[in-house]
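Everything on this sheet refers to the single structure shown next.
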Amino acid sequence: HRARPLPNRVRGQRTMQSLVVLTVVLALVAPACVAVPTGTTEYSTMQIANEEWAPEETFGNSQANLQLGVEANKANTFQDIGFGYVGNALQYKPPAVIAYEQTSSDGETKGDLVFGTRSSTSGAAAARQLLRVRSDGTVEVDGNLQVDSTAVFNEQVNAFYGLGVGEFLEVSGTTTVTGACDFGDTMRVRKAATFDASVTVKGTFIALGNYQIGDQKSSDSLTVNAATSHNGATTYNGPATMTDTLDVHGAATFQSTVVVSGATTLSTTLGVTGAVTLAADVTMSKASAALTHGGATGLAISSTSGKVTITGASSGTNQFVDVESVRFTDLTIGTSNDADLITLADGAVTVAGTVTATGAATLTSATLSDVITMNKDSATLTHSGTNGLIISSTSGNVAITATQAAAFVDVESIRFTNLKIGTATDDDVITMADGGVTVAGTVAATGATTLQSTLGVTGV
């Protein structure tokens, strides 16, 4: 059935009496189709139009075809329409509601349009708000917002609960998400993105362009609590703190200080173009490790305020330090084949072999347990002190000999050659033999001469 057009507009601002009259008229002109619960009127068709019976040409025009409301002006109140099954008792709540919530009582008032449903099948359960269109144009979704096709937002988007995007989400303005955000596919941000709180990535995070953390303030930091792989060049312009393993497979450039509080493993070469400052020990676990300098000038190992100690293993066959071809083992110095040529002790040096000096050797005191050999063509044993030189033996004889056939020993200006004593020009003036002395020349005595045996004279 179809109701006749009313001669006057039905408006919410009319008195309650007008509403009662409208209800009675509708009941008379539109017969009931089926039986309904007491207090409810059902119509097959209802049409309420303005008196001109013409469509509106301007959105929001005051000449609305249908307006529901009350004359009471009170903020935080609802004027609503219920939808759905009507139960056996009228006090049962509708399963779906569209309501106008008045938010201000100033002037001609303003408010929000609210949509809601209930999730329970109980008629005592009220519908809860799911979508709100505020008077300032903001659209709020209290539940999940599902967009099966492309969604374009040209203004700010605020999501206070979960936001799930199954295909594509494009936002041209600011997007603020205060709750969980779930993207079932790719999320693309074409401009700057600001995160005021933590960002959790449970899968792979891929940055195809430049990636910057912080604005180089002292409070900026990057914390990595899991293994991190960098396959390309990585530049850190500020402090970087890593509490777990840093695994670098490619080049890494550090323009500032790097602080590592845990273990750091490098699977390839670490190149440092500036100075390296280490506040603790350097431990190398490779079976045969090397500290190599490739520069042109040299390598210096020094300590500005303490000693420098280089030690080998505390025990075992590798308990030594090789410097060039010289081997240091505890207190001994030698070669790889003879490691104890020189042994050091407090106040003493022991040489287990020969000592060869190509230049002058100065000794304040020396104790020799073996032979001194000088192989210079013309060697000299010189004493430069003021009190003299003594050559003596505390428990044996002292022998000064020349082993070659034509060799001799000069003591001051006297020459000793085997058993002969003479001068440099007449080396056999006196010849010694067992039990006799032969003088090949004159004997001059300025004092008394005593002969213990016969004096034989062959000449005058």
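Residues are listed down the side, and each one gets a yes or a no for (1) open to solvent by less than 80 Å² (accessible area, probe 1.4 Å); (2) under 30 Å from A290 (Cβ atoms):
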site	(1), (2)
D330	no, yes
L344	yes, yes
G353	yes, no
A357	yes, no
D370	no, no
G388	yes, no
S395	no, no
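Determine if region 214-233 includes at least one residue that is of a type in the set (V, I, T), modelled with pLDDT of 70 or more and closer than 27 Å to F153 by Cα.
no
Out of everything in region 86-108 that is free of Cβ contacts under 8 Å to residues at least 24 places away in the same chain and part of a loop (DSSP other than H, G, I, E, B), what residue ends up being farthest from the chain's Cα centre (by Cα)?
Filtering first and then ranking leaves Q91.
The values are calculated or read from the model by the stated rules, or taken from the named source; none is laboratory data. Since the structure is predicted, the reported quantities are computational estimates derived from the model, not experimental observations. In this analysis, Cβ positions are derived from the backbone assuming ideal geometry, glycine residues included, and neighbour counts consider all displayed protein chains. Protein only, heavy atoms only, side chains kept; ligands, DNA and RNA dropped before computing areas. Shrake-Rupley method; radii C 1.70, N 1.55, O 1.52, S 1.80 Å.
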